[in-house]
1. In straight Cα distance, which aspartates and glutamates are under 17 Å from residue 713, not counting same-chain residues fewer than 8 positions off?
2. Accessible area of the chain with a 1.4 Å probe: how many percent of it is carbon plus sulfur?
3. Run the simple label-point estimate for residue 816 and residue 640 please: 7 Å along Cα→C-beta, distance reported in nm.
4. What spacing in nm lies between the two simple spin-label points modelled at residue 565 and residue 615, each 7 Å away from Cα in the Cβ direction?
5. Using r as the Cβ-Cβ distance of residue 791 and residue 606, and R0 as 45 Å, what FRET efficiency do you calculate, to the nearest 0.05?
6. Round to the nearest 0.05 the FRET efficiency obtained for residue 684 and residue 261 when R0 = 41 Å and r is the Cβ-Cβ distance.
7. If you average the sequence gap of Cα pairs under 8 Å that are 6 or more apart and divide by the length of the chain, what percent do you get for the contact order?
8. Which value results when the Cα radius of gyration for region 645-736 is divided by 2.2 N^0.38 Å?
Amino acid sequence: MPRSRLGSTGALLLLGVTGYLGARPVGPLPALGPLLDPANGLWASVQSTELAAEANEALPGLSGAVRVTYDDRGVPHIFATSTLDAYRALGYVVARDRLFQIEMQTRAGGGTLTELVGERALPLDRATRALGMPRAAEQRVANADTTTPAWRMAAAYADGVNAFSRGLSYRDYPLEYKLLGRDPRPYGPVDMMHLLNRMGYTLASSEDELRQVRAAARVGREAALALFTPHSPIVEPIQPNGQRTPRRTTLALPAPGAPDAESVALLESLGNADLRLAFGLPERGPDAVGSNNWAVAPARSASGRALLAGDPHLELTLPSIWYEAHLVVPDSFDVYGVTIPGLPGIVIGFNRDVAWTFTNVGADVMDFYLEEVDDERSPTQYRLDGEWAELGRRVERYLDGDGRLLAEDTLRYTHRGPMRRVNDRWISHRWTVLEGDGEETEVFDRAARARTGRELLDEMASRYQAPAQNMLVADRDGLIAIRSTGRYPIRPDSGRGDVLRDGTTRRSDWLGNWAISEYPQAFAPAQGYLASANQQPMDPLVEPRYMGTDWERPWRAIRINELLRETDKATPEDLRAWQTEPRSARADAFVPVFVTAARNGPPKPSLVRAGQLLADWDRRYTRDNERAVLFEAAMTELSRRLWDEFRSDDENATPAPMPSDMMTAVLLDAPSSAWWDQRGTSMIETRDDILADALEAAFDELVERLGPVEEGKWQWSAHRTATINHLLRIPSMSRTGIPMQGGSGTLNPSTGPGTHGASWRMVVELGDEVRAQATYPGGQSGHPASVRYDDRLAAWSEGRLDTLRVPRTPNELPAAQRRAELTLAPEAP
C-alpha cells in the first residue's frame, strides 16, 4: 500500500530548496521563513505530535481529577467522577488529537471557511449560507434553555476543547494552522449546531424535484414518474415482510414519450440549471453514502448471544470522521465507541448492556417550491394565498482570515425556509434539518445510559429528528431491534415529495409528521436477524405512503440477507468477514443474461471471448480477479445504450438523470420493451441485441486500452482503489491507490474515484462481558507526521479488525497495553 510515514515532512523539506522565497508569501500561504524556523515552525509541530508517556494538566471547570489512559491503539479511556467532567475531558483529549479538524468541519457547517483557508472557499460558504444552515444553528442557540443537561453537556465539552487550544503555544500548533497562517479560534455550542447541520447536508439533502422535471423533459411525464418511482420494484425491506427472497414487482414501464412541454418550459425558465449545483447540494452517486448494519438473535448465533455489526460508509478523509474513545463514570455510564470530533458523546458504539449502530434512511425530507415575488430582481414580498407576505431578510458577509470583506449576499426567507433565484425563477425550500432543536447532542448521552435496546430506541425516537437513521440495536438480554428514526413529513393529498410544488398557496405546505408508531421498525423478529443497507425501509405493500424516491439499489441488502438466511449459527468472525464479502448480487442478476446473449448472438470473436470470460467468473470482486473490470465496463455500455433517450445531442446541455441499474434489472424481464430499441438505428433492437452489443464494445475497448486479458493488466486491484484525502487535499498528507476488495453493489462498495467507503467497522457480542472488534481507515491522531495518523489503514484495507480494550477501571488495562497516561486536575484556586 503506498504510504510514507513522514510524507508531509518530506514535502516540507522540499520547500527548503526554495528558501530564497522565505520573505515572500506563496499564494494564500504565509511567508516560508517562519514555517522553516526549527524552533517554532513546522518541524516543531512534527516533534509535538506524539503523546507523552505521562502528563499532568490543569483543566478549568473540573469538579475532580480525571484519569485518561491511552491504550496501545491510541484510544483514550476516560475515567471521571461526574458526567460533566467526562465530557469536559473528552473535549480536551479530542482537541489534543484533532483540533484543526474540529475547526475545519464546523466552519464548513457554518459557512466561514474563507476565514480559515481564504477566498477559494467562497463558493462553498455561499452555498452553505444560502441553504439556511448557519441561521438555523444560531436560532437554536438563541432559543436554547441553558439550564438543561444537554446545554451543560455541550458547554462542558466546548470548555475542554478551548482549554486545550488556549494552552497551546505557536510552537505546538497543528501544522495546518501554520501552513495557513491562522490561529485556532474558540469553540462553542453554536459550532456543534453547525456540525449537526453539516451531517444533515451530507445525509438528508436531495434534489429529486428537478430530476423528475429533467426526466419528463426528455421522455415524458408518465415515463419519468415510473422510472424514478417512490416504490422499489425489487424489495428486500428493513422491516421484515415475511418473505425469504426479495419480492419483485413486474412493471409495465411506459414507453419513452414525447418531451413534456410544461417541464421543458420550466427548465428554460430556470436556465436549464442543475438544481443540485444551483443550491450547492452534494452529489449523490451509487453507494456514495451507503452503509450496512445487521444483527443476529441468540437463537441464530453460535454463542447463544446477540451479535451486532455496523459499517457506515461516508467520505474517507485523513483524519477520519470518527475518533475512538471510552468514557467511564461510576453509576452513570461505561460507554465505548466513536465520536465525531466536535460533538459530545459516543455516536456509534456500546455499553455493558446495549450496542447500537446506524445506516442512513435516505428519506425525502427536503422539498422545493416555485414562488411568485413582487420584484424579480430585489423582492421584498412573496405571493401567498392571494396576498403579499413579507420576506425575511438576512445579510451575509464573507470575510477572509484578516477580516477583509470578500463578498456580501442578501438572503430571503419565506415561511417555509430560504429562497433563492435560479435564472428567472425564485425557488424556496423546506428542510427538516433546519427545524430541529439541537437535542441530537443529548440523545447520545441517553444512549450511553440505556440498559435495553428498546429503551435506547425509544429515547432516540423521542428526541432525534435529522438526518433520519436506521438505528439498529442488540442487548445483553438477547433483543435485536431496528427503527428508522427521524422526522418524516406528510405532504398534501398524501402526495409525492419529488415534484416542484406551487409556493403561492399554503395548500402546498406539509400537514404534519409520521407518528413514531408508523416508523419502519421491528423488535425481536421471528426470522432471528435484521439488516439494513439504505434500501427502502418498508415493503410498499405494507406501507404505500410516500417516504422517498429512487431508493438505494437493493444489491447490498439482498446479499447480506442471503448470508444471514444461510447461516444458522453465526459467529463474530462471520460478521467480520461479511463486511468485506466480495460476492455481488448485482453481478448475479446481470452476468447470466450477458452470457446468454453472447452465446445466442452472432459468432464474433470478441463477443464469444467476452461471454466466456464472464461465464468463468465467480462474481466476486477480489483484488486479483480479472473479470470484474469487464463486467463493470459492460454495465456502463449497457446503461449508455439502454437509456439513450436521456442523452442530449447538445454536448453543453445539463445531463439528464439516468435510471439506476435496478430499473435496468426490471427491464430484463421485458425483452421486447420499447426501451431496448436504440434511437438512430434502422433496426428494432431487443434486450439480447443490446446486451451483446454492450458486452462486445466493452471487451474491445478494454483490449485496446489494456491489452489482452492474458497480459495481466485487467486485475481489479489496478482499477479499483481507495482514495483518502487530507482535509486540505494536500497530496503528501493523503493516502491514495489503496487496493480494495469489493465493487459497486457489494457489501464493501467502491465506486467512482474511491473517495467513499466504510468509515468505521464494528462487531459486538453482548454477553456477561461485552466483546468487540473494530477499526477505521486512518488513525487517532490528526497530525500527519504522527505514527498514529494512518496506523490502522493496512488492517482496514485488508478487512481485519482490532480487539477493543474495555477496562472497567484504569488498573484493569495491562501495562503492556498502555501507551500513555494523562491526569487532568481542577485548576488551582
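1. 624, 626, 632, 700, 701, 704
2. 49 percent
3. Reported label-point gap for residue 816 and residue 640 is 5.7 nm.
4. 2.8 nm
5. My answer for the efficiency is 0.45.
6. Here the calculated transfer efficiency is 0.90.
7. With pairs under 8 Å counted, the relative contact order is 20 percent.
8. Relative to the rule-of-thumb radius for its length, region 645-736 sits at 1.56.
The values are calculated or read from the model by the stated rules, or taken from the named source; none is laboratory data. A quick note: this is a predicted structure, and the numbers were derived from the prediction, not measured. No Cβ is skipped: glycine too gets one built from the backbone with ideal geometry, and neighbour counts run over all protein chains shown. Ligands, DNA and RNA are stripped out before the accessible areas are found, and what is left, the full protein with its side chains, is counted by its heavy atoms. Shrake-Rupley method; radii C 1.70, N 1.55, O 1.52, S 1.80 Å.
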